[in-house]
Amino acid sequence: MSKHRVLYVVHEFPQISQTYIFNEIRALEPDYDICVVALKETDIPIDTDRKTHITRKFSRIVEIAQEFKPDVLHSHYVLHGPLMLKLSERLGIPFTIRGHSFDVLSSPSSRPPFLKRMRQKLRGEPEVWVPYQEHASTTLNSPNCLGVLLFPFQRPLLEAAGVRPEKIHDCFPVMDFDLFHDRGPNGDAIMNVGACIPKKKMTDFIDLAAAMPGRKFNLYALGYYVDDIRHYNEAAGNPVTVVPPIQPRDMPAEYKKHQWMVYTGDHAMKSLGWPLALAEAQASGVGVCVANVRPDLRDYIGDAGFVFDSVDEVRKIVSQPFSRELRERGFEQARKSDIRVHKELLTGLWQKAFDARRAA
């Protein structure tokens, strides 16, 4: 029996800071034929042989779809809703979207300036902008949209924007649990992981390291403002080792070098999402501490981790060994993000569309 076909249209692929897309595809491809279109080149790619079509021209995306003949369309980030709706209407094929953090938590904004939109249109590029009320409700309430998968705490945000509750499906992040699950012993270093952007406030991690001169601190930093972080670290006497990007297949061994992960965030911005690295750390037997920027972060790490409001508070936490009891709870909490456990939330939406088409 032939597999159903899924056309992914994503911002960039395979981007090393977006392993959730890569892991989702790997978990689904045994059961589906998958074709990927990316709107732009990656800056730090994942090492993979998977073919990706790269184009910003809507007409070319349509051509690729017509050649591939997908049964369903799928994208990541709510901000791609207008593009997916336009493509869905053109092809007569339904779509789904998996939301994340920045695309829902970012401050609402209007469309880009008129001249920029005109240039995009003349070049045949799809129109994409940060979500706002009319965008979210129009896109996701469309009959062409099978549903959107979001972190549970984001549901009220989209409902307030006018999205119908039945269109929203609560889901934990996408992680390859088996890749990271390791009950072996861990090292005693302290780590942080992620994109160097203001909402992560990685300067707090350097301040923490400076306050604990006897411990080893590693920051696995990705692009963006990494030079600023390096300069801040140098000015503090280099208490942190800033590690260049690591390929996903090599990250499990890196996690095992650590006893604690301290995931910093800006308490004023409050836009830190549900970082995938926290679940990866828990699956690796690492104790997790995350900046207490919103109450829902406790739901994400469960009773296996800690939230903190200051550098001094987290210093006291990570000065102690990570208990065996909390370590065991961490393994089970991380499993909630296993794509192989919750992928049916996505494939179930697709199957309803397949069944309806067959019945018709």
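So here's what we get for this one:
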item	result
Long-range neighbours under 7 Å by Cβ, at least six apart or interchain, first residue touching a residue at least 40 places away in the same chain (Cβ under 8 Å) within the range 182-209, second crowded, with 20+ Cβ neighbours inside 10 Å and of a type in the set (D, E, K, R)	GLY194/LYS200
Long-range neighbours under 7 Å by Cβ, at least six apart or interchain, first residue in the same structural domain as ARG183 (by TED's automatic domain parsing) within the range 278-296, second among the polar types (S, T, N, Q) and crowded, with 24+ Cβ neighbours inside 10 Å	ALA279/SER337; VAL288/GLN282; ALA291/THR264
Candidates ALA304, ALA253, ALA291 - the one that is surrounded by fewer than 19 Cβ atoms within 10 Å (Cβ to Cβ) and of a type outside the set (S, T, N, Q)	ALA253
All positions within the range 154-181 that are among the small types (Gly, Ala, Ser) and free of Cβ contacts under 8 Å to residues at least 12 places away in the same chain	ALA160
Selection within the range 117-162 - crowded, with 21+ Cβ neighbours inside 10 Å and at pLDDT below 60	PRO131
Residue among ASP309, ASP303, ASP299 that is in the same structural domain as ASP182 (by TED's automatic domain parsing), under 19 Å from HIS100 (Cβ atoms) and not aromatic (Phe, Trp, Tyr)	ASP299
Candidates GLY223, GLY194, filtered to the one that is crowded, with 16+ Cβ neighbours inside 10 Å and either among the hydroxyl-bearing types (Ser, Thr, Tyr) or touching a strand residue (DSSP E or B) at 6+ places or on another chain (Cβ under 9 Å) (or both)	GLY194
Qualifying residues in the range 163-185 (those that are part of a loop (DSSP other than H, G, I, E, B) and surrounded by 20 or more Cβ atoms within 10 Å (Cβ to Cβ)) - the one modelled with the lowest pLDDT	VAL163
Close pairs (7 angstrom Cβ cut-off, 6 or more residues apart or separate chains): touching a residue at least 24 places away in the same chain (Cβ under 8 Å) and closer than 11 Å to ASP303 by Cβ in the range 316-330, part of a helix (DSSP H, G or I) and of a type in the set (A, V, I, L, M) anywhere	LEU326/ALA304; ARG329/ALA304; GLY330/ALA304
Residue that is modelled with the lowest pLDDT [pool: residues in the range 33-57 that are exposed (fewer than 15 other Cβ atoms within 10 Å of the Cβ), under 16 Å from HIS80 (Cα atoms) and over 18 Å from the mean Cα position of the chain (by Cα)]	LYS57
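A quick yes/no check of all residues on (1) within 21 Å of VAL314 (Cα to Cα); (2) in contact with a Lys or Arg (Cβ under 9 Å, 6 or more places away or on another chain); (3) at pLDDT 95 or above:
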| site | (1), (2), (3) |
| --- | --- |
| LYS199 | yes, yes, no |
| THR203 | yes, no, yes |
| ALA210 | yes, no, yes |
| PRO213 | yes, no, yes |
| LEU222 | no, no, no |
| VAL226 | no, no, no |
| ILE229 | yes, no, yes |
| ASN233 | yes, no, yes |
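Listed here are the residues, each with its yes/no results for (1) in contact with a Lys or Arg (Cβ under 6 Å, 6 or more places away or on another chain); (2) charged (D, E, K, R); (3) closer than 26 Å to ALA356 by Cα; (4) not assigned by TED's automatic domain parsing to the domain that holds LYS352.
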{"residue": "TYR8", "(1), (2), (3), (4)": "no, no, yes, no"}
{"residue": "ILE16", "(1), (2), (3), (4)": "no, no, no, no"}
{"residue": "ALA27", "(1), (2), (3), (4)": "yes, no, yes, no"}
{"residue": "TYR32", "(1), (2), (3), (4)": "yes, no, yes, no"}
{"residue": "ILE46", "(1), (2), (3), (4)": "no, no, no, no"}
{"residue": "HIS53", "(1), (2), (3), (4)": "no, no, no, no"}
{"residue": "GLU67", "(1), (2), (3), (4)": "no, yes, yes, no"}
{"residue": "LEU73", "(1), (2), (3), (4)": "no, no, yes, no"}
{"residue": "GLY81", "(1), (2), (3), (4)": "no, no, yes, no"}
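The values are calculated or read from the model by the stated rules, or taken from the named source; none is laboratory data. All figures in this text were calculated on a predicted structure; none of them were measured in a lab. Neighbour counts are summed over all protein chains in view; Cβ atoms, including those assigned to glycine, are modelled from backbone coordinates with ideal geometry.
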